[in-house]
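I have placed the structure first, in the form of structure tokens, so that the comments after it can refer back to it.
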Amino acid sequence: MSKKDLQMDQSTFETNVQWKAFYKTAGIMALLIVIAGLVDAITSMMGGEARDNSTVNVVEWFNLFQTNQFFAFSNLGLINTITLSLGIPIYLALYRVHRREQPAPAALASILFFIGTAVYLSSNTVFSLFALSRQYAVAAETQKPLLEATGRALLAQGADLTPGTFMGFFFTQTAGTLITIVMLRGGIFGRWTALTGLAGFSLMSVFFVLAAFVSEKYDTAMVVSLPGGLLLMAYQILLARRFFQLGRS
């Protein structure tokens with residue numbers, strides 16, 4: 001064997017080792033998404049009756065940031081920000097796994113997810129509202145109307161589960177639906193993993209549409225989100241299990 005062939009074999013071996021480590025990282029990210037989802041569910045239950053974010057006025061949000069900061073962050077999308085960010089290495093790993101058999105749809109799903117995540121992170125205004133709430137807490141009465149007007153503009157732009165953040169969810173849910181179809185055809189992940197993810201993403205797509213555009217059906221949306229969220233948690237656990245297997249094989 002020539003020196004060049006030996007160098008190529010060594011390079012291939014090192015690349016495979018690196019990707020195996022990356023698969024394990026993707027598995028850890030999937031489990032962290034499950035933990036984040038559980039935290040979100042517990043926070044929502046502790047907060048009492050679920051309310052459509054569009055019905056909460058800006059002064060209520062300001063007060064909530066002062067009295068129950070974690071609940072305010074959670075309701076305005078901090079958990080979604082975390083879970084979408086954690087999903088980036090997962091989609092990179094999913095593309096890598098399917099790059100030979102189904103490169104085009106796997107690449108498209110990953111690109112859609114990255115676009116959706118970027119759109120959501122850029123449109124969500126939770127940190128801007130938090131900063132504004134701190135100003136509001138110490139502002140003179142004459143300054144408060146201006147801060148309230150600014151807060152209303154931020155809520156219109158990027159309150160979670162409203163039209164302002166819908167496009168980010170649209171892209172990421174489309175990516176999820178597409179990648180589960182890729183998984184179903186590819187056979188690398190189990191059939192139940194793909195079907196569980198497909199069902200979960202389909203239900204959550206309905207939830208995001210109802211929550212953003214049909215506020216009078218918010219109770220129905222929450223009913224839809226419960227099985228959708230549980231299915232996606234199960235999907236992430238199955239993903240993590242398979243990623244760990246790929247990392248060891």
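Values as computed for the structure displayed
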quantity	calculated
Some residue of region 130-143 being surrounded by fewer than 22 Cβ atoms within 10 Å (Cβ to Cβ), aromatic (Phe, Trp, Tyr) and closer than 21 Å to Gln236 by Cα	no
Extreme residue, farthest from Ala26 (Cα to Cα), among residues of region 204-217 that are within 20 Å of the chain's Cα centre (by Cα) and surrounded by fewer than 21 Cβ atoms within 10 Å (Cβ to Cβ)	Phe213
Pair list, Cβ < 7 Å and 6+ apart or interchain, from region 95-124 residues that are touching a residue at least 40 places away in the same chain (Cβ under 8 Å) to residues that are charged (D, E, K, R) and loosely packed, with under 15 Cβ neighbours inside 10 Å	Gln102/Arg185; Ala106/Arg99
Condition broken by Leu246, with the remaining ones in (1) in contact (Cβ under 8 Å) with a residue 12 or more places away in the chain; (2) closer than 19 Å to Ile79 by Cα satisfied	(2)
Residues being among the hydrophobic types (A, V, I, L, M, F, W, C), out of contact with any helix residue (DSSP H, G or I) (no Cβ under 8 Å at 6 or more places or on another chain) and either crowded, with 16+ Cβ neighbours inside 10 Å or modelled with pLDDT of 50 or more (or both) - total across region 2-33	1
Sole residue being in a helix (DSSP H, G or I), under 21 Å from Phe166 (Cβ atoms) and without any contact (Cβ under 8 Å) to a residue 60 or more places away in the chain, chosen from Ile42, Ile35, Ile82	Ile82
Single residue of region 190-228 satisfying the filter (modelled with pLDDT under 95 and of a type in the set (Gly, Ala, Ser)) that is farthest from Gln18 (Cα to Cα)	Ser215
Which listed residue is among the hydrophobic types (A, V, I, L, M, F, W, C), within 30 Å of Gln66 (Cβ to Cβ), free of Cβ contacts under 8 Å to residues at least 40 places away in the same chain and out of contact with any His (no Cβ under 9 Å at 6 or more places or on another chain), from Ala199, Ala139, Ala212	Ala139
The listed residue being polar (S, T, N, Q), buried (at least 16 other Cβ atoms within 10 Å of the Cβ) and closer than 27 Å to Arg242 by Cα, out of Thr125, Thr162, Thr81	Thr81
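The values are calculated or read from the model by the stated rules, or taken from the named source; none is laboratory data. Small disclaimer: the values here were computed from a predicted structure and weren't measured. Cβ coordinates were reconstructed from backbone atoms using ideal geometry, including for glycine residues, and neighbour counts include every protein chain displayed.
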